[in-house]
Amino acid sequence: MSDALPEPSQEVAAGPEHDPAAPAPLNVPRTATGNAEVDALLERLGDADHLATDGHVEVYEDVHRGLRDALTALDARPGPPAPSPSYDQRAPSPSYGTRS
């Protein structure tokens, strides 16, 4: 048995190499709006973090389409009923304004 220490390996542990062309997360914070549909669309933006730049357009267009549809749906919802026409009691009737 030898008291000599084993020589360190000349092999360097291969770690992940940095590839500047690889997709990198943007880490843009997304704040919840309280509207589940809109929040889901905003979370979809995170999908672009894992795609190459040419794949971002598809995600952005999908989110834009969804947000536009959500806004359009707000316009399509029936609102409160319109107020009934009120008769102004101060205005005289046309027949009272003429004398014969």
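A few comments on the model shown:
- Figure legend. Inter-residue proximity from the range 23-37: first residues surrounded by 10 or more Cβ atoms within 10 Å (Cβ to Cβ), second residues aliphatic (A, V, I, L, M) and in a loop (DSSP other than H, G, I, E, B), beta-carbon distance below 8 Å, spacing 6+ or different chains. Indicated pairs: 23/51; 23/52.
- Complete set of residues in the range 56-79 that are modelled with pLDDT under 90 and surrounded by 13 or more Cβ atoms within 10 Å (Cβ to Cβ): 56
The values are calculated or read from the model by the stated rules, or taken from the named source; none is laboratory data. Since the structure is predicted, the reported quantities are computational estimates derived from the model, not experimental observations. As a convention, Cβ positions derive from the backbone with ideal geometry for all residues, glycine included, and neighbour counts pool all protein chains shown.
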